[in-house]
Amino acid sequence: MPPVERSLLNALSIDVEDYFHVEAFAEQVSPDDWCNFPSRVEKNVGIILEILARNKLRATFFVLGWVAELLPHLARRIADAGHEIGCHGYAHRFIQRQTPRQFREDIRRARACLMDQTQQPIYCFRAPSFSIIKSTLWALDILAEEGFRIDSSIFPVKHDLYGIPDADRFPHWRDRIFEFPPATIRRGNSNFGVAGGGYLRLLPYGLTRWAIREINEKERQPAMVYFHPWELDPEQPRIAAPLRSRLRHYTNLSTMQKKIERLFRDFRFSTISEVCQKNPEFRELRR
Ligand SMILES: [Zn+2]
């Protein structure tokens, strides 16, 4: 009997940062104070590595340069477990708050640190808070000049903090960078995030499963799923912030691990580079 056609391979990505780095708390927590918060990222990454090993899955970990300098063995530990290391910039600043020169310095410092620690080239990038938006598209040229090939920073949604609502929803070339946007569902004239971060954590799992099936089976495209180590950590210290930020950050932390395990049972995942290698457009035009 011919083998049953298996579902598409989706991309799995993890933004390796701590709970105090997030944009939701940027008003309350200054970068100068980051070193005063107890770091929980390594413990949480350990939990994720264990879940991935149990499910025999590989993923791309976008490591924040600040975290890599604090924990110099962490990126190596992730890479040694068979995963891909990507770069999440150094200081987790919105690109629109940086000059092109500052942005170049930020990513150069982070990428050099990660390459030194892992002794591997780093090709994938994700901007903090998906901050490649219409006014910061210049960042793509700098990424290419600094050695990156794949970016996953343009969220094709309308959102108060990020997004290019009319951007292409699926992997595509943007000049010298191959862009792989986070998964969205299109309804009417709008796109909606469905399978990453707060969307994954706050929406009922059945909706995320339906959305990825639509993307894989109807649109015949891979989905980009992402989450953060702190999203699996209900014990993390609480930061006094306005209600909206607290709701965004703390809701459903205790059910996230179960949700992710269901996702891993229901769909196939791998690193971003492996999913891109299966894309004929990526293979043909790779420079
Ligand atoms: Zn981040």
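The values are calculated or read from the model by the stated rules, or taken from the named source; none is laboratory data. Keep in mind that this is a model prediction, so the values were computed, not measured. Glycine also receives a Cβ, built like all others from the backbone with ideal geometry; neighbour counts cover every protein chain displayed. Side chains are part of the model used for accessible areas, which takes the heavy atoms of the whole protein and leaves out ligands, DNA and RNA. Shrake-Rupley method; radii C 1.70, N 1.55, O 1.52, S 1.80 Å.
Descriptive notes on the structure:
- Taking every protein chain into account, the accessible area of the range 223-264 amounts to 45 square angstrom per residue (probe 1.4 Å).
- Radius, Kirkwood style, for the range 86-224 when every pair of distinct Cα atoms is counted (Å): 15.7
- Remark on Asp168: its backbone amide H falls under 5 Å from none of the residues 5 or more positions apart or on other chains, H modelled at 1.01 Å from N.
- Residues with amide H under 5 Å from that of Phe62, placed H, sequence gap 5 or more: Ile14, Asp15, Val16, Gly86
- Of every Cα-Cα pair in the chain, the percent that sits beyond 33 Å: 15
- Amide H within-cut-off set for Ile122, under 5 Å, with H built and near neighbours excluded: none
- Over all projection directions, the Cα-based convex hull of the range 44-147 averages an area of 6.5 nm².
- Here the range 1-135 exposes an accessible surface that is 53 percent carbon and sulfur, computed with a 1.4 Å probe and the other protein chains kept in place.
- Here is the tail figure for the range 232-287: Cα pairs spaced more than 14 Å apart come to 70 percent of all pairs.
- Lys, Arg +1 and Asp, Glu -1 on Cβ, resulting dipole of the chain about Cα centre, debye, nearest 20: 740
- At 1.306 mPa s and 10 °C, Stokes diffusion of the range 160-207 via Kirkwood alpha-carbon radius, µm² per second: 131
- Mean residue ellipticity (222 nm) of the chain, computed from DSSP H runs ≥ 4 via -39,500 (n - 2.57), nearest 500: -10000 deg cm²/dmol
- Convex hull per residue volume in Å³, alpha carbons only, for the range 99-144: 72
- For the range 114-184, the extents of the C-alpha atoms along the principal axes are 38, 22, 22 Å, listed from largest to smallest.
- Solvent exposure of the range 70-139 amounts to 44 Å² per residue of accessible area, where only protein heavy atoms count and the probe is 1.4 Å.
- Pairs from Lys56/Lys258; Lys43/Lys259; Lys134/Lys259; Lys56/Lys278; Lys43/Lys258; Lys218/Lys258 whose Cα-Cα separation, in the structure shown, is over 24 Å: Lys134/Lys259; Lys218/Lys258
- Each residue of the range 113-119 was assigned a 3J(HN,Hα) from its phi angle through the Karplus expression (A = 6.51, B = -1.76, C = 1.60, θ = phi - 60°), giving 4, 5, 5, 5, 6, 9, 6 Hz with x at Gly and Pro.
- Packing rank of 104-111, 160-167, where each peptide gets the mean count of other beta carbons within 10 Å, highest leading: 104-111, 160-167
- Dimensions (Å) - the range 174-287, Cα atoms, principal axes, largest first: 50, 31, 29
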